[in-house]
């Protein structure tokens, strides 16, 4: 499908689920967070919330029985792949996993357009993970069936951003009026870039806390200024922690620093410990896209504000919602 | 199962599907195109056509609910593996994928006979891809459950040949009376060898167009002469293009030529472009087993005569038919 | 879940299957054979026997419909992985396979506790294969959902031991009073260690027949002496063959011997041939955990006493039973 804007007049996603081939997402691709306006987000999250309740009540249901999802991963990602697979299975659908793409016909030189046009002969929707920016847009240009971008290199990973925002909504029951602090590597993390864009559909304050060399790119800050989003930059978590409703942590990788001493100097400032949590709001939530490697002390895991494993679970519901929507069932 | 001849008195495959344990394919292996006589082919294609209509109407149905297919791939083949998996899933069955065989007990030295006898403890049918000629016959000798050959080295790939022939039948509504032109590497391609054999069950003319060093092997031409099939050899597509109903293109690989200059000389003669199509019949179909690497210009893809992606889809129906048949449900 | 003792007052596993959230195994981990007392074993095997009958009658049934099993294999094991997958599918459940763990987030440095806590967001039960002793206990400590140990290095492989014992029970209709002879490498084989432990819950005689350097470890013999199990050691199969009811063969690996000549001297004494079988009891059963590499001559396969492929099939029923039990359905 050609990429589309998903805005418009989303219909109310009340139960019961069923055929909604006139629904605004039916047959559409999910390629970028830029496709989503506020009304679209509210629609997706309303469906995702219903999915959450359905899973809690019955585990799985047969909304997508008879549908097949091709999961085409040109690079491994256990978390994302498992989440999409579980999402399809909990909706009664089937999954074809193509994980070892390096050994397959791609390695014989087949082009991505040919691969997706082959797969859509068998499957109803294609989930694509690819190391190159723009791969999912290319796939969507050739595929007639819907394509969902599960990450294309340093480009986009829209379902991650959607699940991040859904986590905030489900945990705190609102997005408007919140103060969100993003911590760590804000330069290279596509996760925080996409989340910042989605947050700017709402009325939020965003704090960026990063080492000098890993600051949020100026073009994103300008883009959000254009939306009227209030943004603050800081090298120091302490100055904003007490006001923070959502603390979103990303990994500061040693390899980003030319001088290892510099890394040693800053790294402790970006590690979350029980002491950090002691100075945080009582109902703050702590998020992380995972995997973590030391940025959050395991002693924090038992803190009820540690939302990063629940975040994974919310990802399941968001992906269930998107699959049902592009297949015309929500 | 021991390999068998599938000829005989196939019963008419009218709906509804159901238990047909007295059906001629029940419990049988599918190892070679040589098992199939004309009546068998007509039976398979009648069932495959019903599968096509069922998929168009309902997507999946539960004909093989409760059955498990073990997909045992000793070498990767995304296309074939995905197609069999989708075929089983669209019939309501389950799949066990064993793809990384190089790392499994085979690498500990387990023999193929032991592996298939283990798998049939869990599964109802075994689909086997193996780099060695005769592997599927060996597997079938030891397995009590049906074995379907999904390609054994330079040996056979019978389901590919069946889907090629089914494509011709579905696209042109007949096989008798057609002129089929095979183009490219006719020496090493098991695909064209098997298809030529199946075509000789019908009343067709076959043109072979290949570089001198990649000509169709004499033993196949003699075998088909014995069947009374009219065959012509040529180094030139132009001389036969205007009369061609089916143009079957295969890849001419640079590595086949000792002298790279020789490859450069011939390669353009084996590339299909919109200009080629302009000189072809209005209802000719253009086929290719895929993956292609330049033999067919992407500008041809939008030509309605380009049947190579539809060919993949026909493969789904043929494999659904074979699975249902060997499991006694058609 | 924290590891638990599964002893106690198991309820009778009569049909029909159904919700048994007060059942003794509901929500429990399966980590070690040491969890199982005689009453537990009888319970497991009664359920496994019912599974066998159900599969024979209907192939699959929907006892675990709506449940998802995450199959997390840090090292390949086709046999075990396929068996668990088939077990879940025959119960109507779904499977998420995570096989290429070396390429996944684990290789990015994610810890096993984080991986299992992520997977349990999507799945209802985790089956774990890992090269390190204690991995499954660690996983179970962090996971809230049940963890089943599918082999942790030279540690335990409890479902293998359970299927071995179930094979004996199903084939010979009893365990008490039998003479079991273990042959081959008894020093390094976790299989025979675990089986010996389980057998000591019953009233059996065990013969150990091994080369001097591969004898059963003293600590296991002492442990079983403590249980009152009668045990005999011998370097010679002939002296015990005629009294043997169960002959359990394991592979003697050349690499275990410092001196290759020594290997050549002993190896024939540990190979089973039709001549061996001619001197065995008429209703003896011959077992092997597979894969075999020459320890049992293929000419023995057709002997009805050769139980090693049936053993694989019994494994399916035991794993179906365990899955149903920990998920509260038996």
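Scan the stretch A:115-129 for residues that are more than 8 Å from every other protein chain (Cβ to nearest Cβ) and outside any loop (DSSP other than H, G, I, E, B) and jot them down. Once the filter is applied, which keeps residues that are more than 8 Å from every other protein chain (Cβ to nearest Cβ) and outside any loop (DSSP other than H, G, I, E, B), the stretch A:115-129 yields A:116, A:125, A:126, A:127, A:128, A:129.
Scanning the stretch B:52-63 for residues that are within 11 Å of chain A (Cβ to nearest Cβ) and in a loop (DSSP other than H, G, I, E, B) yields B:59, B:60, B:61, B:62.
Residues in the stretch A:249-280 that are out of contact with any strand residue (DSSP E or B) (no Cβ under 9 Å at 6 or more places or on another chain) and free of Cβ contacts under 8 Å to residues at least 60 places away in the same chain: 18 in all. For the structure I just gave you, tell me whether residue B:305 is surrounded by 15 or more Cβ atoms within 10 Å (Cβ to Cβ) and within 14 Å of another protein chain (Cβ to nearest Cβ). It is false that residue B:305 is surrounded by 15 or more Cβ atoms within 10 Å (Cβ to Cβ) and within 14 Å of another protein chain (Cβ to nearest Cβ). On inspection, residue B:171 fails the criterion of being within 14 Å of chain C (Cβ to nearest Cβ) and under 27 Å from residue B:48 (Cα atoms). Residue B:132 meets each of the listed conditions (1) within 30 Å of residue B:209 (Cβ to Cβ); (2) more than 11 Å from every other protein chain (Cβ to nearest Cβ); (3) surrounded by fewer than 20 Cβ atoms within 10 Å (Cβ to Cβ) apart from (1).
Considering the stretch A:205-227, and only residues there that are under 23 Å from residue A:272 (Cα atoms) and assigned to a loop (DSSP other than H, G, I, E, B), the residue that is modelled with the lowest pLDDT turns out to be A:211. Criterion applied to B:244, B:273, B:232, B:250 was being within 16 Å of residue B:167 (Cβ to Cβ), in contact with a helix residue (DSSP H, G or I) (Cβ under 9 Å, 6 or more places away or on another chain) and either surrounded by 12 or more Cβ atoms within 10 Å (Cβ to Cβ) or modelled with pLDDT under 95 (or both), and the one residue passing it is B:250.
Quick check, is residue B:104 under 21 Å from residue C:316 (Cβ atoms), at the interface with another protein chain (Cβ under 9 Å from one of its Cβ atoms) and modelled with pLDDT under 95?
yes
Would you confirm, using the coordinates I've provided, whether residue B:189 is modelled with pLDDT under 95, assigned by TED's automatic domain parsing to the domain that holds residue B:270 and surrounded by fewer than 18 Cβ atoms within 10 Å (Cβ to Cβ)? The answer is no for residue B:189.
Mind listing just one residue for me: the one in the stretch B:276-299 that is within 11 Å of chain A (Cβ to nearest Cβ) and not in a loop (DSSP other than H, G, I, E, B) and, of those, surrounded by the most Cβ atoms within 10 Å (Cβ to Cβ)? My answer is B:296.
For the stretch B:179-189, which residues satisfy the criterion of being farther than 11 Å from residue B:165 by Cβ and in contact with a helix residue (DSSP H, G or I) (Cβ under 8 Å, 6 or more places away or on another chain)? Correct list: B:179, B:181, B:182, B:183, B:184, B:185, B:186, B:187, B:188.
Could you tell me whether residue C:111 is crowded, with 19+ Cβ neighbours inside 10 Å and at pLDDT below 95? No: the conditions fail for residue C:111. Residues of the stretch C:81-101 that are in a helix (DSSP H, G or I), touching a strand residue (DSSP E or B) at 6+ places or on another chain (Cβ under 8 Å) and either facing chain B (nearest Cβ under 10 Å) or free of Cβ contacts under 8 Å to residues at least 12 places away in the same chain (or both): C:81, C:82, C:84, C:85, C:86, C:88, C:89, C:90. Among the candidates B:98, B:126, B:154, which residue alone is under 28 Å from residue C:55 (Cβ atoms), touching a helix residue (DSSP H, G or I) at 6+ places or on another chain (Cβ under 7 Å) and modelled with pLDDT under 95? When all the criteria are applied, what remains is B:98. Within the stretch A:31-51, being outside any loop (DSSP other than H, G, I, E, B) and either more than 21 Å from residue A:92 (Cα to Cα) or not assigned by TED's automatic domain parsing to the domain that holds residue A:89 (or both) holds for A:33, A:34, A:35, A:38, A:39, A:40, A:41, A:42, A:43.
Matching residues to (1) in contact (Cβ under 8 Å) with a residue 24 or more places away in the chain; (2) more than 14 Å from chain C (Cβ to nearest Cβ):
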{"position": "A:230", "(1), (2)": "yes, yes"}
{"position": "A:235", "(1), (2)": "yes, yes"}
{"position": "A:246", "(1), (2)": "yes, yes"}
{"position": "A:301", "(1), (2)": "no, no"}
{"position": "A:310", "(1), (2)": "yes, no"}
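Inspection of the stretch B:64-80 finds a residue satisfying the criterion of being at pLDDT below 95, at the interface with chain A (Cβ under 9 Å from one of its Cβ atoms), part of a helix (DSSP H, G or I) and closer than 21 Å to residue B:150 by Cβ.
Could you please give the count of residues in the stretch B:140-154 that are in contact (Cβ under 8 Å) with a residue 60 or more places away in the chain and not in a strand (DSSP E or B)?
Total meeting the criteria: 6.
The values are calculated or read from the model by the stated rules, or taken from the named source; none is laboratory data. Here the structure is a predicted model, which means the values were calculated and not measured. We place every Cβ from the backbone using ideal geometry, glycine too, and count neighbours over all the protein chains shown.
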